[in-house]
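The values are calculated or read from the model by the stated rules, or taken from the named source; none is laboratory data. Owing to the predicted nature of the structure, the values given are computational and were not obtained by experimental measurement. With ideal geometry, Cβ positions are generated from the backbone for all residues, glycine too; neighbour counts draw on all protein chains shown.
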Amino acid sequence: MGQLIEVSNVSHRYDRHLVLEDVSFSIDEGAFVGLVGPNGSGKTTIIKLLLGLEKLQKGSIEAFDKPIQKFANKGHISFVSQKANSFNRGFPATAKEVVGMGLTSKIGYFKPSQKKLEYLIFEALDLVNMMEYANTNIGDLSGGQQQRVFIARAIVNKPSLLILDEPTVGVDTENVENFYKLLSDLNKQLGISLILVSHDIGSITTHVTDLLCLNKTIHYHGNPSDFESMTDEQRSQLYGHDMHTITHDH
């Protein structure tokens, strides 16, 4: 597999406030990247730049050797935000209808048949183990189940890159590990590259293939096991910020 994303010397500011400074990193096809950093570290800004929602001020971002704006706007990148914590439970739509909303880009001059569209919807629901809830109203699902439906909506178009922003917000603690395993399975089964934004360093390192630590600049980008083997003091020095690692029992 080749290189999917190349971020080179990106700096960004809001008014006089510098949020990203000379940020460079690359993401290979099929990688599962854990993006971690304290509040205000620039994680949201780099995600907006990858999604083409923020205009580049300095540096470059390319996907498959093309400017990210051309790539992101073609449906090759999907995004799942912290929906479970803020979703309107009164929204009148079933799980399969919500997933179908992700097929907008396929409905155009060469519109697939209704049968084909339904196949794609059910395929996506099956991949996130939500087939039995296809006809259930989205508001009647738990936070974790809703997030699975939103992931199904994000992957129904078969994107090259899926970005998830703190997806376990609103998910019961006992289901968080299963949720991370689901993402890992999707990464391996579909070959979709993933970027998982999280504060839960202690848990995601057992699932991601690459760890990217951002705090205005890149402080670490590499194997998560190497990062795990460091002492808290070493990590804090490397990271440029005191770190709190959450430990989970497995």
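In this structure, THR206 does not satisfy being surrounded by fewer than 17 Cβ atoms within 10 Å (Cβ to Cβ), touching a strand residue (DSSP E or B) at 6+ places or on another chain (Cβ under 7 Å) and of a type in the set (Val, Ile, Thr). Applying the criterion of being touching a Cys at 6+ places or on another chain (Cβ under 6 Å) and hydroxyl-bearing (Ser, Thr, Tyr) to the residues of the stretch 204-239, the residue that is modelled with the highest pLDDT is TYR220. Here THR168 meets the list (1) in contact with a Phe, Trp or Tyr (Cβ under 8 Å, 6 or more places away or on another chain); (2) more than 23 Å from SER81 (Cβ to Cβ); (3) modelled with pLDDT under 85 almost entirely, failing just condition (2).
Among residues of the stretch 201-225 that are more than 20 Å from THR44 (Cβ to Cβ), those with a Cβ under 7 angstrom from a residue that is of a type in the set (S, T, N, Q), sequence gap 6+ or separate chain, pair up as GLY202/THR245; GLY202/THR247; HIS207/SER184; PRO224/THR205. For the stretch 185-203, enumerate the residues that are modelled with pLDDT of 85 or more, in contact with a Phe, Trp or Tyr (Cβ under 8 Å, 6 or more places away or on another chain) and closer than 15 Å to LEU35 by Cα. Once the filter is applied, which keeps residues that are modelled with pLDDT of 85 or more, in contact with a Phe, Trp or Tyr (Cβ under 8 Å, 6 or more places away or on another chain) and closer than 15 Å to LEU35 by Cα, the stretch 185-203 yields SER193, LEU194, LEU196. Taking the criterion of being surrounded by fewer than 14 Cβ atoms within 10 Å (Cβ to Cβ) and touching a residue at least 40 places away in the same chain (Cβ under 8 Å), the residues of the stretch 11-43 that qualify are ARG13, LEU18, ASP22.
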